[in-house]
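The values are calculated or read from the model by the stated rules, or taken from the named source; none is laboratory data. In this text, all values refer to a predicted model and were calculated from it rather than measured experimentally. When we count neighbours, we look across all protein chains shown, and the Cβ atoms used for this are built from the backbone with ideal geometry, even at glycine. Please note that ligands, DNA and RNA were not included when accessible areas were found on the heavy atoms of the full protein model with its side chains. Shrake-Rupley method; radii C 1.70, N 1.55, O 1.52, S 1.80 Å.
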Amino acid sequence: MMRKKVEEVDDQNRPIDRLPFDLLAHIFALLTCFKDLAQTSAVCRKWRQGVKESLGRRERLSFSGWKVDDDSTTRLVLHAYSLKELDISRSRWGCQITDRGLYQLSTAKCISNLSSLSLWGTTGITDIGVVQLISRANSIQHLNIGGTFITDTSLFAIAGSCPHLKTIVLWGCRHVTENGLLALVNKCRKLESINAWGMRVTVDCFIGLLTISPALQIEPKGMLPNIAVF
Amino acid sequence: MASSSKTEQKKMLILKSSEEEEFEIEESIAVQSGTIKNMVEDDFTLIPLPNVDTETLIKIIKYMKKHGEKTKSNEKDIEEFDKEFVKKSFTELKELVLAANYLHITSLIDLLCQAFADRIKNKSVKAIREIFGIPNDFTPEEEAEVYEQHKWAHEEGKEHIDHSAY
C-alpha cells in the first residue's frame, strides 16, 4: 500500500501557503539576522511581500556589522513603520552612510517615533545630514553620535528638537565645544547622562554643566576628578 | 440556567473537533483561548471548533493544561515542555499554528512562530523552498532584482551558502 511520502497538499496551495499573511509576517519579524531576511524574501512572491509586511512590525533594526549604504538602509527603514530603535553604526567595511542617506532617512515615517538612535562611528556624515535627521527625531531619548565629525551645529539642533533626550554619547567628538554642551544641557531638561570621553572640553566646562543640572552624570566615571557641587 | 461559577465544582466545558469528537476541559484552563473565552461569555458550554481536527485539538488541550498549571516554581518545567512541544513535523506545526491563531492563544502562537523562524535561520533559499515545499514563482528578472537589492546581506560571512535541507 503506497503511502503519500509528500505532505498533503490542497489543489492549488502548498502547505505553508495556507498560513495567513499576518502569521507569516509574525514569523519573519522574529528573524534577527539580515541574511535570513534576505534569503526569506528570495523564496517566492508571497514571502517577499511577507518580509516587507514584517518590517512594518519591527521595533528594532540594527545595521551594525553589515556593509550597507544609503540606499539599502533607507529602503528598509522606509518600510519599518513601528520602529523605535535604529542602529546604523559603523561596520568593519568602514562607514557607508552619507549625509544623503541621512536626508533620505529623515523622510521615513518612523523617525518621529524613534526613541533610540545610533550613528556611532559614521565618519561620512556631517552636521548637514545630522541636523536634517535630528530635527524630525523629536521623541529621541537615547542618542549615540560618538566617533563622528559633528560640531556644535548638530548640538544646537539636538537641543532644539529633542526635549525628551535622556542619554547622549559624544565619545571623541572633538569639534564640539562648551557652547554646544551648554545649549544641550540648558534645553534638554530630562538629560541624565553624557558620555564625553575624548572631547576637547575643560573640566571647568563640566563644572558649569553640573551647576545647571546637578544630577547629570558625566561618563565615563572617573574621567573627572571628584567634583562636589553644593 | 447557567450554574454560578462560585460553586465548589469546577465548571467544565466541552470542546468539539471538526471530526465531531468531544473533549471535556475545565473552563478556567480553556479560557487561555480568547476565542473560547468570548463564547463562554455568551453562555456556551459546548464549543464547536470546526477549524480544528481531533489530533491537533488533543495537542492544544495538552498545551493549555500544562500552561494552566503555571506557577512561580514550575517555570523551568514549562520551558522544557515548550521545547519538546515544538519538536514536531512541519505539517503538525502548521496545523497547530493555524489552530492557535483561530483560537487566539497568544503564548502558543508566539511559541510556534518562533519555532518556524528557527527552522528558517541560516538556511539557503533552496533549502527553505525544499523544507516548506514552495515553488519559485519569480521570473528571472524579478529574481535578479531581489538578489541585487539584498546583495549587501550576502556579502557578510562565507562565500558558499549551505544548500542542504536538514
Close pairs (8 angstrom Cβ cut-off, 6 or more residues apart or separate chains): facing another protein chain (nearest Cβ under 7 Å) in segment A:36-47, of a type in the set (Asp, Glu) and part of a helix (DSSP H, G or I) anywhere: A:42/B:143; A:45/B:142
Residues of segment A:31-52 that turn out to be open to solvent by less than 10 Å² (accessible area, probe 1.4 Å) and over 13 Å from residue B:146 (Cα atoms), as a count: 3
Condition check for residue A:165: part of a loop (DSSP other than H, G, I, E, B) and in contact with a strand residue (DSSP E or B) (Cβ under 7 Å, 6 or more places away or on another chain): yes
Criterion violated by residue A:41 - all others in (1) in the same structural domain as residue A:121 (by the TED database); (2) within 17 Å of residue B:139 (Cα to Cα) satisfied: (1)
Filter result (over 23 Å from residue A:169 (Cβ atoms), surrounded by 17 or more Cβ atoms within 10 Å (Cβ to Cβ) and out of contact with any helix residue (DSSP H, G or I) (no Cβ under 6 Å at 6 or more places or on another chain)) within segment A:70-103: A:76
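Condition check ((1) over 21 Å from residue A:27 (Cβ atoms); (2) touching a Leu at 6+ places or on another chain (Cβ under 9 Å); (3) assigned to a helix (DSSP H, G or I)) across all residues:
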position	(1), (2), (3)
B:20	yes, no, no
B:57	yes, yes, yes
B:65	yes, no, yes
B:91	no, no, yes
B:100	no, yes, yes
Hits in segment A:110-130 (condition: surrounded by 21 or more Cβ atoms within 10 Å (Cβ to Cβ) and outside any loop (DSSP other than H, G, I, E, B)): A:110, A:111, A:117, A:118, A:129, A:130
All positions within segment B:123-133 that are at pLDDT below 85 and facing chain A (nearest Cβ under 7 Å): B:132, B:133
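What residue, of B:88, B:94, B:59, is surrounded by 15 or more Cβ atoms within 10 Å (Cβ to Cβ) and at the interface with chain A (Cβ under 8 Å from one of its Cβ atoms)?
Every option except B:94 fails the conditions.
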Matching entry among A:72, A:64 (being more than 19 Å from residue A:131 (Cα to Cα), polar (S, T, N, Q), more than 13 Å from the chain's Cα centre (by Cα) and in the same structural domain as residue A:112 (by the TED database)): A:72
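Which of the residues that make up segment B:134-150 are among the β-branched types (Val, Ile, Thr) and more than 7 Å from chain A (Cβ to nearest Cβ)?
B:139
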Qualifying positions in segment B:97-115 - facing chain A (nearest Cβ under 9 Å) and either in contact with a strand residue (DSSP E or B) (Cβ under 7 Å, 6 or more places away or on another chain) or of a type outside the set (A, V, I, L, M) (or both): B:101, B:110, B:113, B:114
When residues of segment B:97-121 are limited to those that are among the aliphatic types (A, V, I, L, M) and touching a residue at least 40 places away in the same chain (Cβ under 8 Å), the one surrounded by the fewest Cβ atoms within 10 Å (Cβ to Cβ): B:98
Filtered residues of segment A:139-162 (kept if outside any loop (DSSP other than H, G, I, E, B) and crowded, with 20+ Cβ neighbours inside 10 Å): A:143, A:144, A:152, A:154, A:155, A:157, A:158, A:159
